[in-house]
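The values are calculated or read from the model by the stated rules, or taken from the named source; none is laboratory data. Treat the numbers as computed from the prediction; the structure is a model and nothing was measured. Heads up, the Cβs are rebuilt from the backbone with ideal geometry, glycines too, and the neighbour counts pull from every protein chain shown. Ligands, DNA and RNA are excluded from the accessible area calculation, which covers all protein heavy atoms including side chains. Shrake-Rupley method; radii C 1.70, N 1.55, O 1.52, S 1.80 Å.
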Amino acid sequence: MIKILVNDGMHPDGQKLLEEANFQVDTQTVAQEDLYEALPKYDVIIIRSATNVRKDLIDKCPNLKIIARGGVGLDNVDFEYAKSKNIEVFNTPAASSPAVAELVFAHMFAISRFLYQSNREMPSSGNTHFKNLKKAYSKGTQLRGKTLGIIGFGNIGQETARIGLALGMHVMPVDLVINETNLAIDLYNNKDINLTVRVPTVSWDTMLANTDFISLHVPFGGKALIGAKEFEKMKNGVVIINASRGGTVDEEALLHALNSGKVAGAGLDVFENEPNPLKALLEHPRVSLSPHIGASTLEAQRSIGLELAEKIIAYYNGNGKN
Ligand SMILES: NC(=O)c1ccc[n+]([C@@H]2O[C@H](COP(=O)([O-])OP(=O)(O)OC[C@H]3O[C@@H](n4cnc5c(N)ncnc54)[C@H](O)[C@@H]3O)[C@@H](O)[C@H]2O)c1
């Protein structure tokens, strides 16, 4: 019987699919240092971001056939080395895109209508306080008609564009390699909507100078893509959303831009220093916060679990390798 170790959790529907296909699925979490002894007994390991599968562990597991990583990145797996040992490495690059894109809009709506501030301040409300807050937060803005800059027009950038277009926003994506994309606006199989919209990418300077909201959807490439120089080129009152990777926005430059009023608000799901982000950002009155939960919806976790299970079953059925 083929044995699978699920080391960072898996949605029960994915586990069920594997068990129904007669795999043995063990879901106890083995500590990283104990994997050298435990993993050689398994054919497959399923992980998310917590477990590392590096060269030294791979060397101890000559029978390992598959490393299945739920989610987007593969930074915790020695991918090339695994491939050189004929180990299949799967991930689920698109399963969590809708979840991340929705969180982007949760932050955008929260900032546009001061929801995070109201939530903090209303509990101590009395009559006058309520009226003061009503006055203070009565200059919200709509998303409809605004222009959304999207940095990185891959899976999540495109999901973000779909939602933006459906809300009546204009979108201006930039990307290293993509020039234009035909986006299907079926909004998740809604049979009443069947539109395809051609969305060209634009130059960085065009995007920076003309957008009201800017959302990042790129991997971290070793240095910030948005720093003091880029903030200078933006419209006054721009809103920045980062649900990609910490480090893609220079946090000191962001703080400066928030304090100068150049940036009206920021929605941050990722931070340079996780799990201890810069305190000045955490406490800033115009920053909407979430603790790196972009992909963490029940639906995304279920899609990830089902996709991994299907890929593992297909591998063993010989129906293609991926
Ligand atoms: N917040 C979360 O919990 C969460 C969850 C999932 C993914 N993410 C992150 O979101 C990011 C995007 O994920 P994705 O699935 O859309 O990736 P993707 O690979 O589908 O798309 C990334 C796009 O960015 C482009 N790109 C890379 N570097 C660029 C640069 N310097 N300038 C312009 N474009 C550039 C690439 O060409 C590509 O089209 C990743 O960093 C991923 O780690 C975050």
Subject >> Debye, to nearest 20: dipole size of the stretch 71-222, +1 on Lys, Arg Cβ, -1 on Asp, Glu Cβ >> reply: 920
Subject >> Above-threshold pairs, the threshold being 29 Å between Cα atoms, out of K229/K279; K85/K223; K139/K191 >> reply: K85/K223; K139/K191
**OP:** Give a residue-ordered list of calculated ³J(HN,Hα) values for the stretch 196-212 (Karplus: 6.51 cos²θ - 1.76 cosθ + 1.60, θ = phi - 60°; whole Hz; x for Gly, Pro).
**Re:** 10, 10, 7, 10, x, 7, 10, 6, 4, 5, 4, 5, 4, 7, 10, 10, 8
Original post:
How do V218, V53 rank by accessible surface area computed with a 1.4 Å probe, from largest to smallest?
Top reply: V218, V53
Original post:
What's the carbon and sulfur percent of the stretch 178-231's accessible surface, probe 1.4 angstrom, rounded to a whole number?
Top reply: 52
Subject >> Solvent-accessible heavy-atom area per residue, rounded to whole Å², over the stretch 195-317 at 1.4 Å >> reply: 47
Original post:
Put +1 on the Cβ of each Lys and Arg and -1 on the Cβ of each Asp and Glu in the chain; which of T128, T160, L225 then has its Cα farthest toward the positive end of the dipole?
Top reply: T128
Original post:
How large is the charge dipole for the chain, taken about the Cα centre, if only the Cβ atoms of Lys, Arg (+1) and Asp, Glu (-1) carry charge, to the nearest 20 debye?
Top reply: 1080
**OP:** With the cut-off at 24 Å, report for the chain the share of all Cα pairs above it, as a whole percent.
**Re:** 60
Original post:
What does the charge add up to near A101, with Lys and Arg as +1, Asp and Glu as -1, over the other residues with Cβ less than 14 Å from its Cβ?
Top reply: -3
**OP:** Place the peptides 163-175, 110-122 in order of packing, highest mean first, counting for every residue the other Cβ atoms within 10 Å and averaging per peptide.
**Re:** 163-175, 110-122
Subject >> Given charges at Cβ of Lys, Arg, Asp, Glu: the chain dipole, positive-most of I45, I312, A94 >> reply: A94
Original post:
Going by alpha carbons, how many degrees (0 to 90, nearest 10) lie between the helix axis of 251-260 and the longest principal axis of the chain?
Top reply: 20
Subject >> Probe 1.4 Å, protein heavy atoms only - accessible area per residue of the stretch 48-142 in square angstrom >> reply: 54
**OP:** Pick out which of G71, G145, G246 has the largest mean-square fluctuation in a Gaussian network model of the chain, springs linking Cα atoms closer than 10 Å.
**Re:** G145
Original post:
Where nothing but the Cβ of Lys and Arg (+1) and of Asp and Glu (-1) is charged, how large is the charge dipole of the stretch 200-304 around its Cα centre, in debye to the nearest 20?
Top reply: 100
